[in-house]
Amino acid sequence: MATENSILEARAIARHVRVTPMKARRVVDLIRGKNTVEAISVLRFAPQSASEPVLKVLESAIANARVQADKTAERFDERELVVAKAFVDEGPTMKRFRPRAQGRASRINKRTSHITVVVAPKPTSTNGGTR
């Protein structure tokens, strides 16, 4: 007996992405809670450079949901998925040094990100919205 929302949530993670976490979080905040079709169109036209890796992770999460639905022989519709969770964690920082005046050196931090996107079916409210 398959229920209406029996597709479990699917996720995708991109690790060690060479985008600073602060810049990636600005992009991820644009798509959190949105329909996947709408989120893809927002990311395609976002001017930030971090939107490309976030778009790849979102498309990978949708593909993972499709594979999950195929394994359980369930109906799959990409338009019914929403971005349930999306977050960016800080990855390892590459430390580089740049020569400065009078024989000194200054450190340059090249930060990386771990981008995680979770897609799930649209939640259906059964109680009518009031408690």
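The values are calculated or read from the model by the stated rules, or taken from the named source; none is laboratory data. Since this is a predicted model, take the numbers as computed values, not measurements. Quick reminder, even Gly has a Cβ in these numbers, built from the backbone with ideal geometry, and neighbours come from all protein chains shown.
Couple of notes before you dig in:
- So Asp70, is it within 20 Å of Glu9 (Cβ to Cβ), free of Cβ contacts under 8 Å to residues at least 24 places away in the same chain and charged (D, E, K, R): yes
- Lone unmet requirement of (1) touching a helix residue (DSSP H, G or I) at 6+ places or on another chain (Cβ under 7 Å); (2) modelled with pLDDT under 95; (3) not hydroxyl-bearing (Ser, Thr, Tyr) for Val54: (2)
- Where a residue in region 91-102 is at negative phi and its partner, wherever it lies, is modelled with pLDDT of 95 or more and of a type in the set (Gly, Ala, Ser), with Cβ under 9 Å and at least six apart: Gly91/Ser113; Phe97/Ala105; Phe97/Ser106; Arg98/Ala105; Arg98/Ser106; Pro99/Ala105; Pro99/Ser106; Arg100/Ser106
- Among (1) in contact with a Lys or Arg (Cβ under 7 Å, 6 or more places away or on another chain); (2) assigned to a loop (DSSP other than H, G, I, E, B) - the single one Gly33 does not satisfy: (1)
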